[in-house]
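Peer 1: If you scroll down you'll find the structure; I have some questions about it.
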Amino acid sequence: MGLLTIAKKNLKNNFSFYSFYFVSVAFVLIVFFSFISFSMNDMIMEKISSDGRVEIMSRTVAIFVMTFVLFYMSYSNTFFMKKRMKELGIYSLLGYRKSTMLKLLTFENSIICFAALIVGIAFGAIAHKGIVEVIVRVLKLQIDTSEVPLINSGAVLFTFVFIFAVLLALFLSNWIILRKSSLLALVRMEKKEEKKVRINTAFSFLGLFLILIGYFFAIDITRGTKSFWKTIGFSPIALLTMLSVILGTIFFIHSFLPYAIQKLKKKKSWFYKEANIIVIPNFIFKIRSKAKTLILLTLLVAGTLAIFGSTLLTLYYPVAATERIIPSAIEFPVEDKQLAAKAIKIVQDTVGKENMKYKETTIIHVTASSENLPKEYSAKKEHGFDLMSESDYKELINMQGKNVDFENLTKSESILVKYRPEKEKLDKGKLYTLNLTTTNNMDIKVKDTTLLNPIGFANSVGTLVISDQLYKEIKTLGHKETTMMSFNGVDMRDNKTVYENLAPLFKNNIYFTSSYQKNDYIIQQNSSTFLLISFVTIIFFIATGSILYFHNLSSMMSNKNEFITLKRMGYNKKKIKRIISKEILTLFSIPYVLGLAHSIFALIAYKTALMDDLLGKSSAFIFPILFAVIIFTLVYMIYYLLTKRACYKIIFDNKK
């Protein structure tokens with residue numbers, strides 16, 4: 001019988017077992033081929049990257065994706081080698097040489113890889129077309145998508161060469177394993193004896209301590225200038241935090257988990273249950289062989305959630321911050337009364353008079369001579385406060401759909417509009433001396449501070465809300481004034497037509513601002529980055545789920561006799577399923593819980609270090625992170641259910 005025939009029969013007889021491997025490899029290659037096609041699409045690259053940034057990111061991501069594909073297929077190959085060692089030992093007893101067995105394994109790998117490659121190219125080409133279509137629509141590129149070929153010949157050649165290199169790497173890996181293995185080792189490799197776990201209390205608590213130290217440094221960054229990140233330096237503390245968490249994870253899984261479970265075993269009410277009394281000792285006994293996988297999975301989960309969460313945060317937060325950057329739907333300084341009237345008519349004709357509101361607000365620019373003036377005072381080129389009357393402020397804020405929560409101001413009181421939120425209201429209660437005339441100054445007290453800025457930061461920073469009485473008095477003194485026009489109304493903030501109709505009136509006017517235009521710009525600037533990071537995130541999802549899947553299957557196969565023994569002892573199918581479910585859940589839950597904790601602290605550090613907090617609302621950060629966690633959890637649960645189903649099939653397969 002030819003080796004190719006044997007390879008085909010092996011794949012056919014073990015189809016249910018190999019099917020998930022085939023599907024996962026095919027899916028990996030779909031992602032790989034669509035990404036390579038995208039990175040080789042000169043038509044798209046020329047349009048979305050004027051400074052070469054996207055090309056550099058594409059090359060970086062390409063290296064990462066190729067590394068993952070090689071790692072994933074090597075891991076899967078090692079898993080299948082371990083599963084088939086007994087079978088290879090029988091071949092050896094029948095007189096097959098190791099070189100012959102190596103050819104057999106190579107044939108099987110080649111059949112799976114090239115079948116998956118055909119699927120990957122076919123569906124990857126469709127995925128690439130879809131990605132191009134989305135990018136063209138989102139970025140409004142002037143590209144005829146029908147001119148983009150369905151299959152990029154360069155991407156096909158590159159993928160074929162890469163898969164050939166992967167097969168060569170697998171060939172060398174299998175050759176090394178077979179060369180080092182004796183006949184007896186081949187037969188018994190599946191049944192490697194577990195070493196007895198010796199719990200080291202010092203290492204147990206060292207692991208927990210190192211993780212907590214890493215978390216402490218991650219949280220410490222929120223202290224701002226007082227934090228170690230500022231006093232010692234960003235790079236050394238970042239490196240220390242990462243090393244502390246990684247080493248802590250290693251010691252935690254190797255030593256603290258067995259230690260903690262040993263302590264829990266003393267709680268008889270918890271331990272002496274039908275499932276726990278089997279699952280827990282089995283887990284402790286085999287923790288050494290599972291530790292490497294659990295550590296790898298924990299770091300993968302943490303990496304996946306950190307990358308996914310930071311990407312969503314980077315996209316979502318600037319859009320949410322537009323509410324403060326441009327509080328009104330449309331805003332511009334009134335320099336020409338006729339132009340302003342024309343703008344009002346255009347908006348009314350576009351959305352209807354009943355669906356829009358507009359307001360002219362005059363702000364007065366004054367200087368101050370106090371010490372310790374707020375940062376906002378010197379934020380502009382010409383230092384000073386922008387004075388606004390209390391009634392104008394309240395009317396404009398209400399028009400924007402927000403509520404004002406301060407009482408009427410006296411003549412000597414004011415409200416300071418802050419640019420950034422502060423934990424402590426340092427400016428509250430301060431006295432600022434306004435320079436009203438060359439001979440007349442006035443002290444005004446900051447009654448409170450607020451983040452509700454009525455006018456966008458492009459046109460006003462350092463806004464000081466004063467009483468109507470004081471405003472009227474200062475207005476007569478001849479200070480420099482600016483009149484702002486603000487448009488608001490039903491669905492005005494996202495109204496593309498209003499912006500496009502008004503924009504021609506204000507060409508090259510940097511003070512004309514639109515919330516729609518700002519959000520559209522943010523999306524266009526970040527969409528290509530989001531797409532590239534999405535490839536990495538998908539790769540991480542596949543890696544995490546697939547390793548969990550194969551590891552659990554391997555465990556169930558080697559422990560099948562133990563479950564047969566449980567059947568003979570009187571355990572029914574329902575009870576055995578509960579034990580299997582708990583064993584799988586244990587392996588799924590440890591990386592999930594630890595990885596989730598690691599990623600949350602990483603995201604806190606990322607947000608504080610790299611993102612400018614303008615909103616002062618934790619929900620702006622919590623929402624995208626929560627969304628990332630929910631999506632990851634759903635994918636994780638799908639893998640859990642698939643794994644559980646496959647393990648049930650192994651244990652309750654009556655054919656064997």
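Peer 1: Sticking with the crude label model, points 7 Å out along Cα→Cβ, report the distance from LEU436 to LYS394 in nm, one decimal please.
Peer 2: According to this spin-label approximation, the distance is 2.2 nm.
Peer 1: Could you check the spin-label model distance between THR367 and LEU168? Points 7 Å from the Cα along Cα→Cβ, value in nm.
Peer 2: The modelled label-to-label distance comes out at 7.3 nm.
Peer 1: State the answer as a single residue: which of SER369, THR450, PHE406 lies farthest towards the positive end of the charge dipole of segment 330-492, with beta carbon charges of +1 for Lys and Arg and -1 for Asp and Glu, about the Cα centre.
Peer 2: SER369
Peer 1: How much FRET efficiency would the formula 1/(1 + (r/R0)^6) give for HIS383 and PHE64, where r is the Cβ-Cβ distance and R0 is 45 Å, rounded to 0.05?
Peer 2: For R0 = 45 Å, the calculated efficiency reads 0.40.
Peer 1: Let me ask something additional. Per the Cauchy relation, a quarter of the hull surface: what is the mean projected area of the convex hull of the alpha carbons in segment 372-483, in nm²?
Peer 2: 7.1
Peer 1: Now, a different point. Using unit Cβ charges (K, R positive; D, E negative) and no other charged atoms, how large, in debye to the nearest 20, is the dipole of segment 330-492 about its Cα centre?
Peer 2: Rounded to the nearest 20 debye, it is 160 debye.
Peer 1: Sorted by packing (mean other beta-carbon atoms within 10 Å per residue), highest first, where do 231-238, 459-466 land?
Peer 2: Going by the mean number of other Cβ atoms within 10 Å, highest first, we get 459-466, 231-238.
Peer 1: Based on the alpha-carbon set only, what is the convex hull volume of segment 201-267 divided per residue, in Å³?
Peer 2: With only Cα atoms used, segment 201-267 gives 78 Å³ per residue.
Peer 1: Still on this model: How large are Rg and Dmax for segment 293-360 when calculated on the C-alpha trace, in angstrom?
Peer 2: Computed over the Cα atoms of segment 293-360, radius of gyration and Dmax are 22.7, 71 Å.
Peer 1: Let's see if you can work this out: charge +1 on each Lys and Arg Cβ, -1 on each Asp and Glu Cβ, no other charges. What is the dipole magnitude of segment 389-448 about its Cα centre, in debye to the nearest 20?
Peer 2: Using only the charged Cβ atoms, the result is roughly 220 debye.
Peer 1: Hey, what do the phi angles of segment 152-168 turn into as Karplus ³J(HN,Hα) couplings, whole Hz, using 6.51/-1.76/1.60 and θ = phi - 60°, x for Gly and Pro?
Peer 2: Taking θ as phi minus 60°, the curve returns 8, 4, x, 5, 4, 4, 4, 5, 4, 4, 5, 5, 4, 5, 5, 4, 5 Hz for segment 152-168.
Peer 1: Output wanted: per-residue J couplings in Hz (rounded whole) for segment 517-530, from phi through Karplus 6.51 cos²θ - 1.76 cosθ + 1.60, θ = phi - 60°, x for Gly and Pro.
Peer 2: Once θ is set to phi - 60°, the couplings for segment 517-530 become 5, 5, 5, 4, 5, 4, 4, 5, 5, 9, 5, 5, 5, 4 Hz.
Peer 1: Pairs LYS582/LYS649; LYS359/LYS394; LYS418/LYS607; LYS381/LYS475; LYS518/LYS607; LYS418/LYS445: which exceed 18 Å Cα-Cα?
Peer 2: Table pairs above 18 Å Cα-Cα are LYS418/LYS607; LYS381/LYS475; LYS518/LYS607.
Peer 1: Taking the Cβ-Cβ separation of PHE216 and LYS428 as r and a Förster radius of 30 Å, what is the calculated FRET efficiency to the nearest 0.05?
Peer 2: E(calc), rounded to 0.05, equals 0.45.
Peer 1: Turning to a different aspect of this structure: Any idea how far apart LYS567 and LYS496 come out in nm if each label point goes 7 Å out from Cα toward Cβ?
Peer 2: 6.1
Peer 1: Which value in Å is the Kirkwood Rh of segment 529-619 over different Cα pairs?
Peer 2: This gives a value of 16.9 Å.
Every number in this text was worked out from the coordinates using simple rules, so none of it is lab data. None of these values were measured; they are calculated from a predicted model. Counting neighbours? That spans all protein chains shown, and the Cβs are built from the backbone with ideal geometry, glycine included.
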